[in-house]
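I have placed the structure first, in the form of C-alpha cells, so that the comments after it can refer back to it.
The values are calculated or read from the model by the stated rules, or taken from the named source; none is laboratory data. Since the structure is predicted, the reported quantities are computational estimates derived from the model, not experimental observations. For neighbour counting, all protein chains shown are included, and Cβ atoms are generated from backbone atoms with ideal geometry for every residue, glycine included.
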Amino acid sequence: MDQDSKTRPGLQTRLSHLGRAGKRSAGFVNPPLSRGSTVLSPTVAARADAQARRGERALAYGLDGSTAHWALEDVICDVEGGYRTALVGSGLAAVTVPMLAFLKAGDHCLITDSVYGPTRRFANETLSRFGVETSYYDPCIDGAGLAALMRPNTTLVFTESPGSHTFEVQDIPALAAAAHAGGAKVLMDNTWGIHHFQPFRHGVDVSIQAATKYPAGHSDVLIGAVTVGNAEDWETLHATKRNLGEFAGPDEVWLTLRGLRTMGVRLARQEKSALEVAAWLAGRPEVAAVLHPALPGAPGHDLWKRDFTGACSLFGVVFDTRFSQEQSHRFCDALDLFGIGASWGGFESLVVPTTDSVTRVASTLSPDGPRVRLHIGLEDPADLIADLRQALAAMAG
C-alpha cells in the first residue's frame, strides 16, 4: 500500500465532499443549476480572453459548461484517478468522441470482440466511412497475442473489461504494454469497473464511463464521461469535443452530481446483493453458468481478483441447453421484480435476453445455451431470489 492509499479519504467521503464550495462557504450545500446559452462579458477584451481560454473553465458560451459541470468533472476524475474529465451527452458519445479524437484516416484500430454493440456499429458503419480500418480480437488474448495483431498504422486499442454482455475479464496491463510498445493509445470502457478498477494505474490512456449508470443511479439521465491521464491527451480530447459541439445538458449534469453523492453506498449494497443472487443461481440445475467475474470459479475470476477491488451489480446467466430461447423469454416474462430493459446501474433490478445480442467474429462463446443478463438493484436479495425461483419454475413448466 502506497502513501497515497494510506492518507486518501475513502470513496464515500470523497463523493460527499468533492465538487462543493466547502463547509466554510455560506449558502446551499450543492452548486447551483445554471441553464444558459449566451454568456455576457463586461468588455470586448474580457470576452476575447474567455474565448482564448476555453477548456480552462473560462466562460465564453454555454457549451463551455458551468460550475455544476466542473464540479461533476472533478468528482468523476477523482474516482477514475485521472488528469481531466470531459462530460458528453451519453454513454455512447463517451465512446465515439475519444475514438474520433485519437483516430484519423488511414489508421488501424483493434477492438475487443466482447465490445458493447453500439461501439462495434460505430466502428463498422462510421469509422470505416472515414478511412479507419477496424479489426476485432479475442477478449481473452494475452499481450503477445495482441502484439502479433499490431500493424505499423495501429494507433488505438479499445478494451472493455468485463464485456457488458459476456463478461470476459481482459488482462489490461499486458494489453496496454503491447499496445504502447506498438505506439497505440489504449481506450477502456470502464463502466462496469467504476471505482473498482483504476484504469490509469493499469496502463489505460483514456477511460470511458456511461455515467447514465452508476453515477446518475436513478435511470432518468443520459450522460457520459471521458477521463484522460495527461495534459497532452486532454488537449486532443477537448479540441475534438469542442469541434463536435458535444455537450451534457445542465439538468443532466446536476442530477448526475446529486446521484453521485450516494454512489459508494449503492455500489457496496448492490455488489453484495448481486453476489448473493449470483451464488444462488450458480447452484440451480437450470443454470449452466453464471458469468460474474467476482464469483469464485467463474471465468475471469483470477484476473478480476488481481486487478479489481470489487464488483458491480451486472452479470450474465447461461441456461442449460435443454432449455430453448423461447423458454428463456418465458423466464424473463415471468419475473415480477425485474424490469425488461436495457441499461443498468440504477436502483431497480433488470433482465434482458442476450442470446441474439452478441456478435462474434474473432472468438467463440462458451458454454452453449440461452442467455440472459441480470442487473441487481436495491431490492432485498431474498425477494429477488424468490422472484427468480418462480420464474425458473415458469421457464421449466
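Values computed for the structure shown
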{"read-out": "Scope segment 129-150; condition crowded, with 18+ Cβ neighbours inside 10 Å and assigned to a helix (DSSP H, G or I); matching residues", "value": "146, 149"}
{"read-out": "Test result for residue 216, in contact with a helix residue (DSSP H, G or I) (Cβ under 9 Å, 6 or more places away or on another chain) and outside any loop (DSSP other than H, G, I, E, B)", "value": "no"}
{"read-out": "Residue in segment 104-117 that is within 18 Å of residue 182 (Cα to Cα), of a type in the set (Phe, Trp, Tyr) and touching a residue at least 60 places away in the same chain (Cβ under 8 Å) present", "value": "no"}
{"read-out": "Filter result for residue 157 (crowded, with 17+ Cβ neighbours inside 10 Å, over 22 Å from the mean Cα position of the chain (by Cα) and under 22 Å from residue 93 (Cβ atoms))", "value": "no"}
{"read-out": "Pick from segment 334-352, criterion without any contact (Cβ under 8 Å) to a residue 60 or more places away in the chain and part of a loop (DSSP other than H, G, I, E, B), ranking: surrounded by the fewest Cβ atoms within 10 Å (Cβ to Cβ)", "value": "342"}
{"read-out": "Members of segment 14-43 that are among the hydrophobic types (A, V, I, L, M, F, W, C) and either closer than 19 Å to residue 73 by Cα or surrounded by 11 or more Cβ atoms within 10 Å (Cβ to Cβ) (or both)", "value": "15, 18, 21, 29, 33, 39"}
{"read-out": "Whichever residue in segment 200-212 is touching a helix residue (DSSP H, G or I) at 6+ places or on another chain (Cβ under 7 Å) and more than 24 Å from residue 153 (Cα to Cα) and, among such residues, is surrounded by the most Cβ atoms within 10 Å (Cβ to Cβ)", "value": "211"}
{"read-out": "Qualifying positions in segment 1-32 - modelled with pLDDT under 85 and of a type in the set (S, T, N, Q)", "value": "3, 5, 7, 25"}
{"read-out": "Test: residue in segment 221-244 that is under 16 Å from the mean Cα position of the chain (by Cα), surrounded by fewer than 24 Cβ atoms within 10 Å (Cβ to Cβ), under 19 Å from residue 95 (Cβ atoms) and not acidic (Asp, Glu)", "value": "yes"}
{"read-out": "Every residue from segment 353-380 that is under 19 Å from residue 217 (Cβ atoms), out of contact with any His (no Cβ under 7 Å at 6 or more places or on another chain) and crowded, with 19+ Cβ neighbours inside 10 Å", "value": "374, 375, 376, 377"}
{"read-out": "Single unsatisfied condition, residue 197 versus (1) surrounded by fewer than 24 Cβ atoms within 10 Å (Cβ to Cβ); (2) over 27 Å from residue 56 (Cβ atoms); (3) touching a Ser or Thr at 6+ places or on another chain (Cβ under 8 Å)", "value": "(1)"}
{"read-out": "Given (1) in contact (Cβ under 8 Å) with a residue 40 or more places away in the chain; (2) farther than 28 Å from residue 39 by Cα; (3) of a type in the set (A, V, I, L, M), number of the condition residue 75 does not satisfy", "value": "(2)"}
